[in-house]
Amino acid sequence: MSTPTQTSQPSPNTSPLKTEVENPNNPLSTLWSTSSIAQEYLRTERITRPYADVLVQKAGLADLIEGNAREETGEEKGEVRLWDFACGTGAVVACLYDKLRQGREEVVRGKIKVLAADVSPEMVAYTRERGEREGWKEVLGLETRLVDVTNIPPNLPYNPPTHLTLSFALMALPTLTLSSLHTQLAPSGTLALTTWSSISWYTYLLSAAQLVLPPDLFSATPSELGFINIAFPDRKLHLPETTERELRGAGFADVSVEVVEIEHEWVDARDFVRAMELPIRAVSGKWGEGEERSIWSGKVKGALVEVVEGLFGKGQKVRFGMGAIVGVGRKGN
Ligand SMILES: C[S@@+](CC[C@H](N)C(=O)[O-])C[C@H]1O[C@@H](n2cnc3c(N)ncnc32)[C@H](O)[C@@H]1O
């Protein structure tokens, strides 16, 4: 189900952006720096991938592929240069590449070029290898780079990009990042991003945490909205209005923002909890240090299996929806 909330021209009451205050203990600043992060994240990518598919559509990339594939029109669509920033394990590129299947590879070859970049060397290495293995390198000319999106280096390949995607990274990034992405885009270029609006699984996690954590550790565990806003507590990133205001404030026009609700499914409670390991690590920062923290994390995971089995049944499928904000903006000419 998709619930459009805004598709409009710049509103007259757009307020200037305030510089937001970052949580000094922001767990997202260290979450991505472990050596096994890419393997760990692949289980989470199952969740982001359906939204990445929506992102590719909303960015207009799917239409461009269709246009290029309709050879008989003879229409010149021009070169598409996509920068997928905060690429993780490559969810967006995977979705784009899927659209090229069914014999469209030859039509599109050389017309769509992709740079996938991330701040995590493990994610970059994984996406590069995946791209070589799955044909992204050959068909999309995939280049990969280590890039901190808050400090974009000069001389990146496929510059300036006609399209920029940012799939589930806004919650870790200061608002001003969007202004710098606006600067990087080619005239008329498009930025498309996703960020979480509702993560209903989080209530299961809180129930599990309450069962096993001592009161002081439980009270230090963020709420659902506290988790979505964990890096910038006052920004209200769970609201579509925030994405709209931030895109406009960064200079984007033709801004459209909508909330997309997608149902997710796991084979059983244990399968679901495996996919939650990374988010659980992100909220476990106040559950002690080292060994102590991993003991509490293990207990919470065990309790989470029980909570979810209690709701969906032991050995039964686990199904529920999550909501993401999809925001798109265009740079003027
Ligand atoms: C939730 S993952 C999203 C990955 C992928 N885009 C997807 O949708 O599956 C967030 C990604 O943002 C990356 N990231 C976080 N801060 C970043 C920064 N400052 N510059 C570039 N990448 C960043 C992380 O390394 C991680 O791969």
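Worth pointing out:
- Only one entry in L61, L82 is within 14 Å of the ligand (Cβ to nearest atom), buried (at least 19 other Cβ atoms within 10 Å of the Cβ), within 22 Å of the chain's Cα centre (by Cα) and at pLDDT 80 or above, namely L82.
- Cβ-Cβ under 6 Å pairs, at least 6 apart or on other chains, segment 112-124 side in contact (Cβ under 8 Å) with a residue 40 or more places away in the chain, far side of a type in the set (F, W, Y) and crowded, with 24+ Cβ neighbours inside 10 Å: L115/W83
- Screening E132 on (1) away from the ligand (no atom under 15 Å from the Cβ); (2) within 26 Å of G329 (Cβ to Cβ) shows it passes everything except condition (2).
- Inter-residue pairs, beta-carbon under 6 Å, first farther than 20 Å from F168 by Cβ and in segment 76-100, second near the ligand (Cβ under 10 Å from one of its atoms), 6+ apart: none
- The number of residues in segment 177-194 being among the aliphatic types (A, V, I, L, M), over 19 Å from A324 (Cα atoms) and away from the ligand (no atom under 12 Å from the Cβ) comes to 2.
- Against the conditions (1) modelled with pLDDT under 80; (2) more than 21 Å from V259 (Cα to Cα); (3) touching a helix residue (DSSP H, G or I) at 6+ places or on another chain (Cβ under 7 Å), E66 satisfies every one except (3).
So that you can scan it fast, the table gives a plain yes or no per residue for (1) away from the ligand (no atom under 15 Å from the Cβ); (2) surrounded by 16 or more Cβ atoms within 10 Å (Cβ to Cβ):
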position: T89; (1), (2): no, yes
position: Y97; (1), (2): no, yes
position: V119; (1), (2): no, yes
position: Y126; (1), (2): no, yes
position: V139; (1), (2): yes, yes
position: V147; (1), (2): no, yes
position: P153; (1), (2): no, no
position: N159; (1), (2): yes, no
position: S167; (1), (2): no, yes
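- The sole residue among F227, F232, F252 that is within 20 Å of the chain's Cα centre (by Cα) and under 27 Å from Q57 (Cβ atoms) is F252.
- Of all residues making up segment 158-179, the number that are within 18 Å of the chain's Cα centre (by Cα) and over 28 Å from H264 (Cβ atoms): 3
- Test: E263 is outside any loop (DSSP other than H, G, I, E, B), of a type in the set (D, E), without any contact (Cβ under 8 Å) to a residue 60 or more places away in the chain and in contact with a strand residue (DSSP E or B) (Cβ under 9 Å, 6 or more places away or on another chain): yes
The values are calculated or read from the model by the stated rules, or taken from the named source; none is laboratory data. Keep in mind the model is a prediction, meaning the values are calculated, not measured. As a convention, Cβ positions derive from the backbone with ideal geometry for all residues, glycine included, and neighbour counts pool all protein chains shown.
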